[in-house]
Amino acid sequence: MEPGGGAKLLWLLLLLRATHFPCAQADGWNGYAAVIEVTNGGPWGDWAWSEMCPDGFFASGFSLKVEPPQGIPGDDTALNGIRLHCGRGNVLGNTHVVESQSGSWGEWSEPLWCRGGAYLVAFSLRVEAPTTLGDNTAANNVRFRCSDGEELQGPGLSWGDFGDWSDPCPKGVCGLQTKIQGPRGFSDDTALNDVRLFCCVN
């Protein structure tokens, strides 16, 4: 290693930690085993902070923040936020809700749950492709696969198409990070564009 290389490496690690840059494999300060992503996320916005379930908890349910259709000449944003409902085993009363950044519009849905102590392990995102003319909405809905194979589709909107499923977590989802476009005044808003999920194994 060249002189000063150790200091440069330490600086880089601290920078990655400060910006919550997700690694493909586990690192010493986050405790997750992998990150799962999809390839069809929207192009606008910035990655926000990550939020993790408490140690030993896994996401067994989710809820969505959705703005209903606004009509003409309204500005639609569709999916604005995702919450994970983290639990231990099949005791729904022992839950903890985690949320990365969310958009400004819409209302939260009631949670949808995996059955019998199963966990969320994979996801697919419904995204409207960008258009130069008209109202862009980016992400519209999300569906999750549970560890028992059940699929849960959120109460989002129907614009766009579902993309491919992400890779599955080895055991279960334990955190998330959203990509959000902030309010743009009189310009076109899209709110939530993409999401990454974190996998834990214990």
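The values are calculated or read from the model by the stated rules, or taken from the named source; none is laboratory data. Predicted, not measured: the structure shown is a model, and the values here were computed from it. Every residue, glycine among them, receives a Cβ derived from its backbone with ideal geometry; neighbour counts consider all protein chains shown. Only protein heavy atoms, including side chains, enter the accessible area calculation; ligands, DNA and RNA are left aside. Shrake-Rupley method; radii C 1.70, N 1.55, O 1.52, S 1.80 Å.
Of 116, 129, 152, which is farthest on the positive side of the dipole of the stretch 81-174, counting Cα position, with +1 on Lys and Arg Cβ, -1 on Asp and Glu Cβ, and the Cα centre as origin? With unit charges placed on the Cβ atoms, the residue in question is 116.
Projecting the Cα atoms of 82, 100, 59 onto the dipole axis of the stretch 50-102, where Lys and Arg carry +1 and Asp and Glu carry -1 at the beta carbon, places 59 farthest toward the positive end. Overall size of the stretch 28-160 from C-alpha positions, given as principal axis extents largest first: 47, 32, 25 Å.
Taken about its Cα centre, the stretch 53-143 carries a charge dipole of roughly 480 debye when the Cβ of each Lys and Arg holds +1 and the Cβ of each Asp and Glu holds -1.
The accessible surface of the stretch 51-121, taken with every protein chain in place and a 1.4 Å probe, is 48 percent carbon and sulfur. Within the stretch 130-162, whose backbone N sits under 11 Å from a point 7 Å along Cα→Cβ of residue 75? Under cut-off, by backbone N: 136. Summing charges over all other residues whose Cβ lies under 13 Å from the Cβ of residue 187, with Lys and Arg as +1 and Asp and Glu as -1, gives -3. Shown is the FRET efficiency for residue 97 and residue 165, computed with R0 = 30 Å from the Cβ-Cβ distance and rounded to the nearest 0.05: 0.80. Of the residues 165, 141, 199, the one whose Cα sits farthest towards the positive end of the charge dipole of the stretch 89-202 is 199 (charges of +1 on Lys and Arg Cβ, -1 on Asp and Glu Cβ, taken about the Cα centre). Per-residue extension of 0.36 nm, minus the Cα-Cα distance of residue 88 and residue 33, leaves a gain of 18.0 nm for this segment.
Across the stretch 154-169, coupling constants 3J(HN,Hα) worked out from phi with the 6.51/-1.76/1.60 Karplus curve, θ = phi - 60°, read x, x, x, 9, 10, 6, x, 9, 6, x, 5, 5, 5, 5, x, 6 Hz, and Gly and Pro carry x.
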